[in-house]
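Read the structure below first, then the notes.
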Amino acid sequence: MTVQTLGNALLILLLIGWVGYRQLTWRPVVIAKMWRMPGILAVVGAVLLVQQVKPATITPLDLAVVAGEIVLSLAIGAWIGGIAHFRRLPEPVVGKNPSDIAVYESRTGVLGLVLWMVVIAVRVGVDVLAAQAGSHLGAATGIILLVFAANRLARAAVFAARLDRHAALAA
């Protein structure tokens, strides 16, 4: 087992715990803040990818594996956003930034956690199968972060659309 594999396993465990906790608890929804995590994960993932992978070593199999993972991650993220439950807060909650005002809170519950675990299981399964098939890009830490960023990005986009509909109906 390499240091990169151990690091990837630790990263996955931390993300499982952090996102899993957030799926099960009611949390104020500030759409502006929801875009930050996917953005940070995507930037860090892209930087790591550029550092770890030489373009000459990328094969069509690598591209197919990564594209498939990202599409699946986007779809599951949209699904998670679609199953979220919203409830109006008794009083708006203002965050550290005065423009971060939450009027609703949400959670996705157990189904959201299960879907998040599916993303992780697919990620690990694809990593193993792709490595056996000769793809090395799928095992890169940067790809792991990009897959998780895609999931959270799709979730945030669906949340934003749903909250816009809630606001329109309430008006």
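Is at least one residue of segment 26-38 open to solvent by less than 60 Å² (accessible area, probe 1.4 Å), farther than 30 Å from ARG87 by Cβ, of a type in the set (Val, Ile, Thr) and not in a loop (DSSP other than H, G, I, E, B)?
The answer is no; no qualifying residue exists.
Pull up segment 55-83, narrow it to residues that are within 18 Å of ALA156 (Cα to Cα) and of a type in the set (Gly, Ala, Ser), then point me to the one that is most open to solvent (accessible area, probe 1.4 Å).
Among them, the one singled out is ALA75.
What residue, of GLY138, GLY134, GLY142, GLY95, is touching a residue at least 60 places away in the same chain (Cβ under 8 Å), small (Gly, Ala, Ser) and closer than 22 Å to LEU24 by Cβ?
When all the criteria are applied, what remains is GLY95.
For segment 84-139, how many residues meet the condition of being of a type in the set (Ser, Thr, Tyr), modelled with pLDDT of 85 or more and open to solvent by 20 Å² or more (accessible area, probe 1.4 Å)?
1
Please name all residue pairs, on different chains or six or more residues apart, with Cβ atoms under 7 Å, provided the first residue is in segment 102-129 and is closer than 13 Å to LEU15 by Cα and part of a helix (DSSP H, G or I) and the second residue is at pLDDT 85 or above and hydroxyl-bearing (Ser, Thr, Tyr).
Once the first residue is closer than 13 Å to LEU15 by Cα and part of a helix (DSSP H, G or I) and sits in segment 102-129, its partners that are at pLDDT 85 or above and hydroxyl-bearing (Ser, Thr, Tyr) give VAL119/SER73.
The values are calculated or read from the model by the stated rules, or taken from the named source; none is laboratory data. These numbers were taken from a predicted model, which means no experiment stands behind them. Every residue, glycine among them, receives a Cβ derived from its backbone with ideal geometry; neighbour counts consider all protein chains shown. The accessibility values were calculated without ligands, DNA or RNA, using every heavy atom of the protein model including side chains. Shrake-Rupley method; radii C 1.70, N 1.55, O 1.52, S 1.80 Å.
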